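Below is one structure; the comments refer to it alone.
No value in this document is a laboratory result; all are computed from the given coordinates. Just so you know, these numbers come straight off a predicted model, no measurement behind them. Please note: Cβ atoms are built from the backbone with ideal geometry, for glycine as well, and neighbour counts cover all protein chains shown.
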Amino acid sequence: MIMPDMPLTSDELLTTTRSVRKRLDLTRPVPLDLVKECLEIALQAPSGGMRQGWHWIVVTDPEMRAQGGDFYRRSTESYLSNAAADPSRGAGTGSQVMARVSSSSAYLGQHMGQVPVQVIPCITVRSAWQAGESQAGLWGSLLPAAWSYMLACRARGLGTAWTTLHLQYETEIAGLLGLPDDVRQGALIPTAYYTGDTFHPRCAPAAGGRAASRPLVDSTAGPAMPAQAADAWRLAGRLRTTAASTCTTRDGSPSRPDGVTLKGPDPCDRPRSRRLIEDR
């Protein structure tokens, strides 16, 4: 297990796992064993019915990273252009903070294809989505594991960022990666070592231009109500807003849904817990 010299406390880990964009080290290779170690931690996350229908696509091939990065760049440019035209975006957070966030997002948009490792958490969709059908149970069985992966990376000296803008081109990226129709993507997590020393929790109010966290209890939210019910209502409102086993060959032959597929420079060496890792 690879850990930093000074391990983080639980609170430090949870409050300093930031979205790293400009500080991602684009030149330093990331050992695939370290990424696998973080994914092993992620597999301890809960999933509905213990189905573990997740799949983890680990993209290391330079050409594939560049092609995926180009889709991400196009989506980022469109997003930032629309955001710039929306006066309500970032209301109450301060123009300095939002300018920094936009600049950081634009940088990642231009450099996503150069990030050493791109991790795409996916999940199996067993039937077509019906109009009005809730998807909370589906994504609730994937996103906690994706966040656990990011926490594990932070604990081991890696930087990550939660991104979803590539989903504008989900079909094209699925074709690029050879994903079947019943596997849907949940996020795109750039993974790299980071430059500089460390990260700090968000503060309230903002200091030094850093983004501030919204207060847990917002005394301005909601209609008038009896005083005894106000705090509980506002707290609830803020919270609402706020595989088993065999490696396949490298010839591209299909694997079982719960198998381990590795394509690239690092073949799997032993059976693991239920998962699908595709190193592309």
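Summing Cβ point charges (Lys, Arg +1; Asp, Glu -1) relative to the Cα centre of the range 108-190 gives a dipole of roughly 380 debye. Net charge in the neighbourhood of Asp70 (other residues with Cβ under 15 Å of its Cβ; Lys, Arg +1, Asp, Glu -1) is -2.
Suppose the chain between Met98 and Glu170 were pulled fully straight at 0.36 nm per residue; how much longer would it get relative to their current alpha carbon spacing? Don't skip to the answer; put the middle values down first.
Numbers: separation 72, 0.36 × 72 = 25.92 nm, distance 2.69 nm.
Between Met98 and Glu170, full extension yields 23.2 nm more.
Can you sort Asp25, Asp197, Asp11, Asp182 by how many other beta carbons sit within 10 Å, fewest first? If you can, show how the numbers build up before the last one.
Details: Asp25 17, Asp197 5, Asp11 9, Asp182 13.
The fewest-first ordering by Cβ neighbours comes to Asp197, Asp11, Asp182, Asp25.
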